[in-house]
């Protein structure tokens with residue numbers, strides 16, 4: 001999975017924020033909207049989270065503190081019916097503990 005070119009400034013700001021915190025665990029969680037097959041969305045969500053985790057690790061975050069998970073379409077921010085596109089549900093969340 002490739003990060004969008006326009007996301008570079010946001011990714012760098014996020015990396016700085018994560019690096020500034022003393023964390024024992026960084027959970028990177030990928031999400032999708034409800035378009036497509038459930039199994040495909042689970043895979044897409046995991047790949048989305050893995051891309052962000054790889055970015056963090058390649059920019060100085062310790063690999064052993066990063067946990068990657070994909071929730072697919074199971075935890076939408078905006079509830080929708082099946083096959084309805086909702087860009088706000090396509091996201092990666094980062095929890096620093």
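The values are calculated or read from the model by the stated rules, or taken from the named source; none is laboratory data. The shown structure was predicted, so the numbers you read here are calculated from the model rather than taken from an experiment. Positions of Cβ are generated from backbone atoms using ideal geometry, with glycine treated the same way; all protein chains shown enter the neighbour counts.
Filter region 60-76 for residues that are assigned to a helix (DSSP H, G or I) and in contact with a strand residue (DSSP E or B) (Cβ under 6 Å, 6 or more places away or on another chain) and give the result. Walk me through it before giving the result.
Restricting attention to region 60-76, the residues satisfying the condition of being assigned to a helix (DSSP H, G or I) are 63-65.
Answer for region 60-76, where residues must be assigned to a helix (DSSP H, G or I) and in contact with a strand residue (DSSP E or B) (Cβ under 6 Å, 6 or more places away or on another chain): just 65.
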Residues of region 77-95 satisfying the condition of being closer than 24 Å to residue 23 by Cα and surrounded by 13 or more Cβ atoms within 10 Å (Cβ to Cβ): 91, 92, 93, 94
Complete set of residues in region 48-76 that are surrounded by fewer than 21 Cβ atoms within 10 Å (Cβ to Cβ) and more than 24 Å from residue 16 (Cβ to Cβ): 71, 74, 75, 76
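Where residues in region 1-59 are in a loop (DSSP other than H, G, I, E, B) and modelled with pLDDT of 95 or more, which of them is nearest to residue 97 (Cα to Cα)?
We begin by selecting, within region 1-59, every residue in a loop (DSSP other than H, G, I, E, B); these are 1-4, 21-25, 32-37, 59.
Within this subset, residues satisfying the condition of being modelled with pLDDT of 95 or more are 32-37.
Numbers: 32: 24, 33: 26, 34: 29, 35: 32, 36: 33, 37: 32 Å.
By that ranking, first place goes to 32.
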Criterion violated by residue 79 - all others in (1) in contact (Cβ under 8 Å) with a residue 12 or more places away in the chain; (2) not in a helix (DSSP H, G or I) satisfied: (1)
